[in-house]
Amino acid sequence: MLTTESSFSPSAGSTQDPLRLPVAGLTPMTTLDYPGHLACVIFLQGCPLRCGYCHNPGMLASRRGELGEWAEIEAFLRKRRGLLEGVVFSGGEPTLHAELPTAVERAKALGFKVGLHTAGVYPRRLRALLPWLDWVGLDVKGLTDDIDRIVGRRGMAPPHEHSLALLLNSGIAFECRTTVHWRDFDLERLRRLALDLAERGATHYAIQLARTGQCLDARYAAPVPGAPTTSEVEALVSELRPNFQRLTLRQ
Ligand code: SF4
């Protein structure tokens, strides 16, 4: 269930307080998750959404972090100073956690740029974080009328719209990204979504074809009859490319 959104503040915790963030995983080095930067990715446990294609079902249930989980991450970050440029907070949905701002603040204090992966379901929390963020990857789940069906939760379009508007007005570098599963999309819907984002002012967009090896909803693991071919998708991406500064197809 989506938690009621309360705002949060990066100055909420002392830098000496132990944090209890539930860490679900760490990618120690990547060039893919924060475009143009050598970064690590910290995955936080818990997500209020239930996308059928979700390939991390084990990451969805929220929990309170154990003492020491974040301390281990912070020790890792201290050792990577000067080697990594950035730290990306991902999930799950990282803005679910009230202690995220303090973790962001600590990563900044260690000299890292900070990136955030979010589905934008908590816009007030996103707004509170914006002054500390260097880059955001915003999941755009679908057209307004399709979002609730795709994420398996009602009422998700308005907060997402709000988050997109915040980012468009923030001056912060960000990328919209859409995971496309052909149970949720057809080429025309994808075209309309991309053109809508371009019209609103999004300049960086990534279309990511869903991985189907392990899905929250088993039906998403099965082939979709009539799904577009790779060449049809690539042709659409070529057609859309002039509308963006950067349009990436990840497959
Ligand atoms: S794919 Fe959907 S359900 Fe899975 S972590 Fe991302 S937002 Fe949550």
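The values are calculated or read from the model by the stated rules, or taken from the named source; none is laboratory data. These figures come from a predicted structure and were not determined experimentally. FYI the Cβ positions are ideal-geometry reconstructions off the backbone, even for glycines, and counts take in every protein chain you see.
Kindly establish whether Leu209 is at pLDDT 95 or above and touching a Cys at 6+ places or on another chain (Cβ under 9 Å).
No; evaluated as a whole, the condition is false for this residue.
Restricting attention to the range 56-71, which residues are within 11 Å of the ligand (Cβ to nearest atom) and buried (at least 20 other Cβ atoms within 10 Å of the Cβ)?
Hit for the range 56-71 is Met59, nothing else.
Out of (1) away from the ligand (no atom under 16 Å from the Cβ); (2) under 29 Å from Ala206 (Cα atoms); (3) touching a helix residue (DSSP H, G or I) at 6+ places or on another chain (Cβ under 8 Å); (4) at pLDDT below 95, what's the single condition that is false for Ala98?
Condition (3) is where Ala98 drops out.
Just to be sure I understand, how many residues within the range 72-95 are among the β-branched types (Val, Ile, Thr), within 16 Å of the ligand (Cβ to nearest atom), touching a helix residue (DSSP H, G or I) at 6+ places or on another chain (Cβ under 6 Å) and within 12 Å of Val41 (Cβ to Cβ)?
So the answer is 0.
How about the range 130-152: which of its residues are over 25 Å from Leu100 (Cα atoms) and either within 14 Å of the chain's Cα centre (by Cα) or within 16 Å of the ligand (Cβ to nearest atom) (or both)?
Gly142, Asp146, Ile147, Asp148, Arg149, Ile150
Which is part of a helix (DSSP H, G or I) and at pLDDT below 95, of Gly58, Gly13, Gly92, Gly36?
Checking each option against the conditions leaves just Gly58.
Tally time: how many residues in the range 113-132 are farther than 14 Å from Gly91 by Cβ and without any contact (Cβ under 8 Å) to a residue 40 or more places away in the chain?
The number of residues fulfilling the criteria is 1.
Matching residues to (1) within 16 Å of the ligand (Cβ to nearest atom); (2) in contact (Cβ under 8 Å) with a residue 40 or more places away in the chain; (3) farther than 23 Å from Glu93 by Cβ:
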| position | (1), (2), (3) |
| --- | --- |
| Leu166 | no, yes, no |
| Thr203 | no, yes, yes |
| Ile207 | yes, yes, no |
| Ala221 | yes, no, no |
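For Thr212, are the conditions met, namely being among the polar types (S, T, N, Q), within 16 Å of the ligand (Cβ to nearest atom), in contact (Cβ under 8 Å) with a residue 24 or more places away in the chain and in a loop (DSSP other than H, G, I, E, B)?
yes
Please work out which residue is farthest from Pro123 (Cα to Cα), limiting yourself to the range 31-55 and to residues that are touching a residue at least 40 places away in the same chain (Cβ under 8 Å) and surrounded by fewer than 16 Cβ atoms within 10 Å (Cβ to Cβ).
So, considering only residues that are touching a residue at least 40 places away in the same chain (Cβ under 8 Å) and surrounded by fewer than 16 Cβ atoms within 10 Å (Cβ to Cβ), the one farthest from Pro123 (Cα to Cα) is Leu38.
Given the structure, is Gly120 buried (at least 20 other Cβ atoms within 10 Å of the Cβ) and at positive phi?
Against the criterion (buried (at least 20 other Cβ atoms within 10 Å of the Cβ) and at positive phi), Gly120 qualifies.
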